[in-house]
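The block underneath contains the structure these notes are about, expressed in structure tokens.
The values are calculated or read from the model by the stated rules, or taken from the named source; none is laboratory data. A quick note: this is a predicted structure, and the numbers were derived from the prediction, not measured. A quick note on method: Cβ atoms are made from the backbone with ideal geometry, for glycine too, and the neighbour counts reach across all protein chains shown. Quick note on the areas: whole protein, heavy atoms, side chains included, nothing else; ligands and nucleic acids left out. Shrake-Rupley method; radii C 1.70, N 1.55, O 1.52, S 1.80 Å.
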Amino acid sequence: MDNLQNLNLLSISLTIIINLSLTIATELPFIEVNYPNNMLLRSMPTKNQSSGLQTRVGSDECRVWTHACSDEVLRLAHEPENVAWLMRVRRTIHENPELAFEEYETSRLVRTELDRMGIRYRYPLAKTGIRAWIGSGGPPFVGVRADMDALPIQEAVEWKHKSKVAGKMHACGHDAHVTMLLGAAHILKSREHLLKGTVVLLFQPAEEAGNGAKKMIEDRALDDVEAIFAVHVSHEHQTGVIGSRSGPLLAGCGIFRAVITVEESGGSADLILAASSAVISLQGIVSREASPLDSQVVSVTSFDGGRSLDVAPDTVVLGGTFRAFSNSSFYYLMKRIQEVLVEQVGVFGCTATVNFFEKQNAIYPPTTNDDAMYKHLKKVTVDLLGDDHFEVAPQVMGAEDFAFYSEIIPAAFYFIGIRNEEIGAVHIGHSPHFMIDEDSLPVGAAVHAAVAERYLNDKRS
């Protein structure tokens, strides 16, 4: 009887202490700590905001993952209130697109949502980027990344939430990427007591132009992170279907510009003929030098010989793009483009100066998935969504600056389907008619959350 009384007194005391701690926590202001590059650490919500103290969700049994745990994550993602919130967030971002390194309001929206959830973060990285974290604060650390920038495209889709900014549009789905990562943050915060390490959330600017990933890395976004994942919407996959593959998934991409002029001793050399010969020779690099089993592309996409119809130009400018799925093939193409242009126009008494815009960060290496990370992604997806919701994706000639993360740490990049013929979500990215099926939003959030949480589980088991 005495022991029972002691236990009751102990229980009452603990309840008082916990309630007092929560009361104090909600009264504390933001704690601001200055970091290099004017970074800001947000650690506690202000009184006039939601306390951010999430309800603890999830059985302690999920410390050892089961199918029931996958079901729980999926249930959280599809709660009606959560789905409505995800749609509001995505539509707000879609209506207010911002170009590379101009994502100030998008970044502000993200930080507001993180504040409301009580999630700590550093800001700014790479001008408008954010690094947030959920979990123990200690190792292991796993990263999940979303890009935030829009494109200089006039939206042609007529709907209630059409872009409000003339000449700017989220035509590549980055509004959905940000929303999915915020959705994952909500799920992970509610399950924070189950996390066996720390999930790092990276909201990155300037994927479309400027290599924002490189700037994020320079600002220490990957500190302590040992693996990283990211998603991209895909009109090639039906809504909610995940696609990826081991090894090279996206091509390395570069551009070139050649200025061709007549040598001082070239006399009456024909610049148009010289440049045209160089264009034909460039096409032979892939067709005659590359293995047919190693996909590569060299394309001349611009040729400027002036506007006059009866006067020979004194300069011809041509340019284009090149792509490959391995670093060795990519840099071989780069070397051969330089050699072919210079030597071929030299036959005609001309010179060529070739620029690959390396100083302007115009080189994107191939995006290569680590085999172990790919297998982890596949296992998590199949357990979460079923076998019919995972596909081995074909290689894609598009490029992504996520490649810079994958060069440093093990990584996996994957696609999530947004295709729905009934609503017209069938157009390729970078089209003014591009749109997504918003039913993909909770699926993406759930996959992100499960991939991250189970990575920590597997590392600790």
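If you take the residues in segment 239-252 that are within 13 Å of residue 441 (Cα to Cα) and not hydrophobic (A, V, I, L, M, F, W, C), which one is least open to solvent (accessible area, probe 1.4 Å)? Lay out the reasoning, then the answer.
Narrowing segment 239-252 to residues within 13 Å of residue 441 (Cα to Cα): 239-242.
Cutting the leftovers down to not hydrophobic (A, V, I, L, M, F, W, C) gives us 239-240.
Working: 239: 38, 240: 3 Å².
Result: 240.
Scan segment 283-307 residue by residue and report those that are of a type in the set (S, T, N, Q) and either touching a residue at least 12 places away in the same chain (Cβ under 8 Å) or not in a helix (DSSP H, G or I) (or both). Before the answer, list the steps.
First, the residues of segment 283-307 that are of a type in the set (S, T, N, Q): 283, 287, 291, 295-296, 299, 301-302.
Within segment 283-307, 283, 291, 295, 296, 299, 301, 302 meet the criteria.
Yes/no matrix, rows are residues, columns are (1) surrounded by fewer than 22 Cβ atoms within 10 Å (Cβ to Cβ); (2) farther than 25 Å from residue 287 by Cα; (3) touching a residue at least 12 places away in the same chain (Cβ under 8 Å); (4) under 24 Å from the mean Cα position of the chain (by Cα):
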site: 333; (1), (2), (3), (4): no, no, yes, no
site: 339; (1), (2), (3), (4): yes, no, no, no
site: 343; (1), (2), (3), (4): yes, no, no, no
site: 360; (1), (2), (3), (4): yes, yes, no, yes
site: 363; (1), (2), (3), (4): yes, no, yes, yes
site: 369; (1), (2), (3), (4): no, yes, yes, yes
site: 373; (1), (2), (3), (4): no, yes, yes, yes
site: 377; (1), (2), (3), (4): no, yes, yes, yes
site: 382; (1), (2), (3), (4): yes, yes, no, yes
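Just checking, which of 217, 255 is in a strand (DSSP E or B) and either open to solvent by 10 Å² or more (accessible area, probe 1.4 Å) or modelled with pLDDT of 95 or more (or both)? Outline the logic, then answer.
Details: 217 fails: in a strand (DSSP E or B).
Answer to the check: 255.
Can you find a residue that is more than 35 Å from the chain's Cα centre (by Cα) and either open to solvent by less than 20 Å² (accessible area, probe 1.4 Å) or closer than 30 Å to residue 450 by Cβ (or both) anywhere in segment 309-321? Spell out the reasoning first.
As a first pass, look at segment 309-321 and keep what is more than 35 Å from the chain's Cα centre (by Cα): 309-316.
Those left that are additionally either open to solvent by less than 20 Å² (accessible area, probe 1.4 Å) or closer than 30 Å to residue 450 by Cβ (or both): 316.
Within segment 309-321, one or more residues are more than 35 Å from the chain's Cα centre (by Cα) and either open to solvent by less than 20 Å² (accessible area, probe 1.4 Å) or closer than 30 Å to residue 450 by Cβ (or both).
Which ones in segment 174-202 are among the polar types (S, T, N, Q) and buried (at least 24 other Cβ atoms within 10 Å of the Cβ)? Full working, then the answer.
Step one: filter segment 174-202 for residues among the polar types (S, T, N, Q), giving 179, 190, 198.
If the condition is that a residue be among the polar types (S, T, N, Q) and buried (at least 24 other Cβ atoms within 10 Å of the Cβ), then 179 is the only one that fits.
Would you mind stating whether residue 415 is at pLDDT 95 or above, buried (at least 24 other Cβ atoms within 10 Å of the Cβ), within 29 Å of residue 154 (Cβ to Cβ) and out of contact with any Pro (no Cβ under 6 Å at 6 or more places or on another chain)? Steps first, answer last, please.
Working: at pLDDT 95 or above: yes; buried (at least 24 other Cβ atoms within 10 Å of the Cβ): no; within 29 Å of residue 154 (Cβ to Cβ): yes; out of contact with any Pro (no Cβ under 6 Å at 6 or more places or on another chain): yes.
Here the answer is no, as residue 415 does not meet what is asked.
When you go through (1) outside any loop (DSSP other than H, G, I, E, B); (2) closer than 20 Å to residue 367 by Cα; (3) open to solvent by 40 Å² or more (accessible area, probe 1.4 Å) one by one for residue 280, which number turns out not to apply?
It fails just one condition, (2).
Just to be sure, is residue 353 modelled with pLDDT of 95 or more, closer than 30 Å to residue 263 by Cα and of a type outside the set (D, E, K, R)?
Numbers: modelled with pLDDT of 95 or more: yes; closer than 30 Å to residue 263 by Cα: yes; of a type outside the set (D, E, K, R): yes.
In short, yes.
Where the second residue is surrounded by 15 or more Cβ atoms within 10 Å (Cβ to Cβ) and the first is without any contact (Cβ under 8 Å) to a residue 40 or more places away in the chain and lies in segment 146-172, which pairs have Cβ atoms under 8 Å and are six or more apart or on separate chains?
Every condition considered, the pairs that remain are 167/153.
For segment 432-461, which positions are closer than 22 Å to residue 160 by Cβ and open to solvent by 20 Å² or more (accessible area, probe 1.4 Å)?
432, 433, 435, 438, 439
Go over the candidates 287, 326 one by one and state the one that is small (Gly, Ala, Ser), farther than 18 Å from residue 258 by Cα and open to solvent by 60 Å² or more (accessible area, probe 1.4 Å). Lay out the reasoning, then the answer.
On the way: 326 fails: open to solvent by 60 Å² or more (accessible area, probe 1.4 Å).
After ruling out the rest, the residue left standing is 287.
Given the condition aromatic (Phe, Trp, Tyr) and out of contact with any Lys or Arg (no Cβ under 7 Å at 6 or more places or on another chain), answer yes or no: does some residue in segment 105-128 qualify?
Just the residues of segment 105-128 that are aromatic (Phe, Trp, Tyr), to begin with: 121, 123.
Cutting the leftovers down to out of contact with any Lys or Arg (no Cβ under 7 Å at 6 or more places or on another chain) gives us none.
No, the conditions are met nowhere in segment 105-128.
Condition first: surrounded by 18 or more Cβ atoms within 10 Å (Cβ to Cβ), under 17 Å from residue 335 (Cβ atoms) and small (Gly, Ala, Ser). Can you find one or more residues in segment 265-276 that meet it?
no
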